[in-house]
Amino acid sequence: MSVFLGIDPSNGSVRPWAWAVLDAHRTLVDAGCTAGRAGAWALAVRLRPAVVAVDAPLGLPRGMDCLEAPCPCRPVAPLAGRACERELARRGMGLFFTTKRSLIKRMVYEAIALSRALKEQGIPVIEVYPSSLRRLLLGRHAVKKQSVQGQRLLREALTPLVAGLERLPLSLGHDGLDAVVSALVGWLWARGLTEALGEPEEGVLHIPVDGWLRLLG
């Protein structure tokens, strides 16, 4: 049976990465933490999921080879970030733009490396943005996901969509919830229920299509 793996990478060098696995019926099969990119790679290779949905940029702005300030590479576009990120911002969603001043530089490098390594194994990988689905479920002015209330509200909203959500340890916090949402977007992607934003050269980001809740079988 196909499974869908959601991964929420960490920006730190020590903090583990959260992951979650849904089956074809949108049931949470398992969730936990793993030791960074190496652990995420090993998990995906063992599971051989239908797709790995990663909550992190999987590409750089067109014209850039890295995110290092001393490097002379520069983005082609006059505006910050990638096309997919600018489209999210246009739709009113806050996010970190991928630039040389990015606060999540390490995570970007690690996520891109993971994506390349998994594709070499023949495992499909997509970039997702859990906050887009969270906003659809809770509204534009939802309380912060890091808060206890924010996590409780998201759990309540996800319960009708993801069976077995009670298996998600509270200790995983908002990282675990982001991993579950990432896996759910992977499930939607496999059924043609996501919209692709951006340019392939920079990395396409997938979000649920309009009316996705009505389209769920």
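Table for the structure above
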read-out: Qualifying position, being outside any loop (DSSP other than H, G, I, E, B) and either open to solvent by 30 Å² or more (accessible area, probe 1.4 Å) or not acidic (D, E) (or both), among G203, G173, G192; value: G173
read-out: Filter pass, A113 being open to solvent by 10 Å² or more (accessible area, probe 1.4 Å) and either touching a residue at least 24 places away in the same chain (Cβ under 8 Å) or among the small types (G, A, S) (or both); value: yes
read-out: Hits in the stretch 125-162 - residues which are touching a strand residue (DSSP E or B) at 6+ places or on another chain (Cβ under 7 Å) and open to solvent by 50 Å² or more (accessible area, probe 1.4 Å); value: L136
read-out: Any hit, the stretch 50-62, residues being more than 30 Å from D30 (Cβ to Cβ) and surrounded by fewer than 18 Cβ atoms within 10 Å (Cβ to Cβ); value: yes
read-out: Verdict on E156 being assigned to a helix (DSSP H, G or I), of a type in the set (D, E), in contact with a Leu (Cβ under 9 Å, 6 or more places away or on another chain) and at pLDDT 90 or above; value: no
read-out: Test: residue in the stretch 91-107 that is of a type outside the set (V, I, T), open to solvent by less than 50 Å² (accessible area, probe 1.4 Å), modelled with pLDDT of 90 or more and under 29 Å from D30 (Cβ atoms); value: yes
read-out: Pairs with Cβ under 8 Å, 6+ apart, first in the stretch 131-145 and in contact (Cβ under 8 Å) with a residue 60 or more places away in the chain, second open to solvent by less than 40 Å² (accessible area, probe 1.4 Å) and aliphatic (A, V, I, L, M); value: S132/L88; S132/M93; S132/I207; L133/V181; L133/L184; L133/V185; L133/I207
read-out: The stretch 74-85: number of residues that are touching a Leu at 6+ places or on another chain (Cβ under 9 Å) and surrounded by fewer than 16 Cβ atoms within 10 Å (Cβ to Cβ); value: 0
read-out: Test: residue in the stretch 33-48 that is in a loop (DSSP other than H, G, I, E, B), crowded, with 17+ Cβ neighbours inside 10 Å and modelled with pLDDT of 90 or more; value: no
read-out: Pairs, first over 19 Å from G59 (Cβ atoms) in the stretch 83-95, second of a type outside the set (S, T, Y) and open to solvent by 30 Å² or more (accessible area, probe 1.4 Å), C-beta under 7 Å, six or more apart; value: G92/R140
read-out: Conditions (1) at pLDDT 95 or above; (2) open to solvent by 40 Å² or more (accessible area, probe 1.4 Å); (3) in a loop (DSSP other than H, G, I, E, B): number failed by R15; value: (1)
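The values are calculated or read from the model by the stated rules, or taken from the named source; none is laboratory data. Computed from a predicted structure; not experimentally measured. As a convention, Cβ positions derive from the backbone with ideal geometry for all residues, glycine included, and neighbour counts pool all protein chains shown. The accessibility values were calculated without ligands, DNA or RNA, using every heavy atom of the protein model including side chains. Shrake-Rupley method; radii C 1.70, N 1.55, O 1.52, S 1.80 Å.
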